[in-house]
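Read the structure below first, then the notes.
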Amino acid sequence: AALAGDLGVGATTVRRRLDALLGRGAIRIRCEIARSVSPAPVTVTLWLRVPPDKLETTARSLAMVPEVRMCAALSGAANLMLVVWLPASHDVLALEAGLAAKLPWLEVADRAVTLRSVKLMGRLLDPAGRGTGRVPLDFWAAVPVPEHGDRSVDRSGG
């Protein structure tokens, strides 16, 4: 009902469209939990190099790996980025070995372990990773343009 109201369409229309999107895998429902209570509390980012002609099939294959939370194409030397959740930091070695066996053309260019997240999906997080507040995710908000002669831009959001 809330989506229907926001979109200006009927609830039946929203339900039908969501069912269709979910049914063909175009969208997935996702639940974020505090990393400290997760069975996979370690977040690792991998920057990968993939031949351009294999980028789309590689990304689709990686998106099906259960540990993968995000897979995104990039421009630059590393053209694919993965964010994975793992039980322990040393599990990244086994993950990389599995990826290399499955996708031998894939090269890991770099990796980083996230020590602490302060924000996730628009939620401010405490040291245990629990939500404490919100940061609005307004992707369509206009960026303020300075007046003539004013070289400063208000980035405070207020």
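The values are calculated or read from the model by the stated rules, or taken from the named source; none is laboratory data. Quantities reported herein were computed from a predicted structural model and do not represent experimental measurements. We place every Cβ from the backbone using ideal geometry, glycine too, and count neighbours over all the protein chains shown. The area values use the complete protein model at the heavy-atom level, side chains included, leaving out ligands, DNA and RNA. Shrake-Rupley method; radii C 1.70, N 1.55, O 1.52, S 1.80 Å.
What to note about this one:
- Test result for V37, open to solvent by less than 60 Å² (accessible area, probe 1.4 Å), under 24 Å from A128 (Cβ atoms) and not charged (D, E, K, R): no
- Selection status of V44, open to solvent by less than 80 Å² (accessible area, probe 1.4 Å), of a type outside the set (S, T, N, Q) and without any contact (Cβ under 8 Å) to a residue 60 or more places away in the chain: no
- Top-ranked residue of the stretch 75-98 - restricted to ones that are under 13 Å from V50 (Cβ atoms) and modelled with pLDDT of 95 or more, ranked as surrounded by the most Cβ atoms within 10 Å (Cβ to Cβ): L82
- For T13, the conditions (1) without any contact (Cβ under 8 Å) to a residue 12 or more places away in the chain; (2) touching a Gly at 6+ places or on another chain (Cβ under 9 Å) are fulfilled apart from (2).
- Any hit, the stretch 59-68, residues being in contact with a helix residue (DSSP H, G or I) (Cβ under 8 Å, 6 or more places away or on another chain) and open to solvent by 70 Å² or more (accessible area, probe 1.4 Å): no
- The residues on offer are R111, R116, R134, R151, and the sole one that is at pLDDT below 90, open to solvent by 70 Å² or more (accessible area, probe 1.4 Å) and in the same structural domain as D53 (by the TED database) is R116.
- When the stretch 94-118 is filtered for residues that are in contact (Cβ under 8 Å) with a residue 12 or more places away in the chain and either among the hydrophobic types (A, V, I, L, M, F, W, C) or at positive phi (or both), the ones remaining, listed by number, are L95, L99, L103, W105, L106, V108, A109, A112, V113.
- Of all residues making up the stretch 48-93, the number that are farther than 24 Å from G129 by Cα and either touching a residue at least 12 places away in the same chain (Cβ under 8 Å) or assigned to a loop (DSSP other than H, G, I, E, B) (or both): 20
- For the stretch 119-131, the candidate set comprises residues that are at positive phi and open to solvent by less than 40 Å² (accessible area, probe 1.4 Å); within that set, the residue that is nearest to the chain's Cα centre (by Cα) is G122.
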